[in-house]
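Derivation of every value follows stated rules applied to the coordinates shown; laboratory data play no part. What you see is a predicted model; the values in this text were computed from it and never measured. FYI the Cβ positions are ideal-geometry reconstructions off the backbone, even for glycines, and counts take in every protein chain you see.
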Amino acid sequence: MSTLGIRFKGTERLGEQHFSLLRSLGISKLEIFFGWDTGDKKEARQIALGAKNQGLEIVAVHGPSGKFSSAYDDGLTEEERSRAVKKAILMGEGALEMGASILVCHFGITDASEQSVRELLDYFKGTPLILGGENVGQAVSGLKESDDVADFIRFTAKIHSDRFGLVLDLGHARDSDGINPFIKKENACKTVTLCKQWLIHVHLHDCVNGGNVDHYPPFDGDIQWLEIFRALHDMQYAGAFMFEPVYEGYDSQHAATKNVLEKVGSFPKKLMSRIT
């Protein structure tokens, strides 16, 4: 579960009360998004201890959304790119303090993206931290990249490092027809299977409105969950099943969303009940 699904009140920070609730729902692995000061290593260590006390493993940290790529309408300056890399370094150091093995970023797939990734790989050389590049394109962000998963696979292959891999986000992908492949039974399994060699992490959430509104809890939308999990099983995916729905009332599009954490916790039983 990503902490994107936890609604924090005011200046509330991630703590044992959250870990206890998640564990009671059967959730055992976390990706840290909201709920911490990215520059505070002491707080990172406290989060790690609190999670451990409740039997939770911190698997990943979602890094900054800074400009690593040149694919923006207003382009990219070296100052902006350097600032994004420095922010990622801070968050990567925090991830190491928390015992996380993956730092997820929206790197993009341009030459500037490659430069940013290689600088971070050099910085974290000799540590257990792995960098994950998420497939984020123009359909869901200001980043005017491709929405085709195959293009992110090619970029990952170009980096060709055992410390860099693909983070597959179900809600962000689009085929050439502009439709999310994971809502189409015939394409869901095929698209996951394409990632086999490079896949290190997944962001799982449902989509509504024909795949155009994402970050819903599982089984609340159109995602072909059985096809996706069959593909992950067949390719012997060994990473975490990381769910990334937003919390109740996150914005107007999610105003009616209910019981987000409970729906993530109950996902395994619901999935298995649908297997025939």
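A compact table of results
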| item | result |
| --- | --- |
| Rounded to the nearest 20 debye, dipole of the stretch 3-273 from Cβ charges on Lys, Arg, Asp, Glu | 820 debye |
| Centre separation in Å (Cα based) which lies between the stretch 141-178 and the stretch 179-232 | 14 Å |
| Loop-located trypsin sites (Lys or Arg not before Pro) in the stretch 1-101 whose Cβ has at most 16 other Cβ within 10 Å (DSSP) | ARG7, LYS9, ARG13 |
| Partner lysines for LYS144 [C-alpha distance under 18 Å; skip if fewer than 8 residues away on the same chain] | LYS67 |
| Column: log10 I(q)/I(0), Debye, Cα scatterers of the stretch 87-181, q = 0.19 Å⁻¹ | -0.87 |
| Long-range HN-HN contacts of MET242 with modeled amide H, under 5 Å | VAL202, LEU204 |
| Sequence-distant residues sharing a close amide H with ILE58 (under 5 Å, placed H) | LEU30 |
| Bridge type composition, the stretch 3-273 - antiparallel percent by DSSP, nearest 5 | 10 percent |
| Gyration tensor (Cα) of the stretch 26-78, equivalent ellipsoid semi-axes in angstrom | 32, 13, 7 |
| Isotropic mean projected area of the C-alpha convex hull, the stretch 1-99 (nm²) | 7.0 nm² |
| Proximal lysines relative to LYS196, as straight alpha-carbon distance under 20 Å, when same-chain residues fewer than 8 apart are discounted | LYS158, LYS184, LYS185 |
| Kirkwood-based Rg to Rh ratio, the stretch 171-250, C-alpha trace | 0.95 |
| Choice from VAL202, VAL61, VAL213 with maximal GNM fluctuation in the chain (Cα, 10 Å cutoff) | VAL213 |
| Hull-based mean projected area of the chain, where the convex hull spans the alpha carbons, in square nanometres | 14.2 nm² |
| Over the chain: helical MRE at 222 nm, DSSP H runs n ≥ 4 each giving -39500 (n - 2.57), nearest 500 | -11000 deg cm²/dmol |
| Dipole of the stretch 1-115, positive direction: furthest Cα of SER24, SER101, SER113, with charges on the beta-carbon | SER24 |
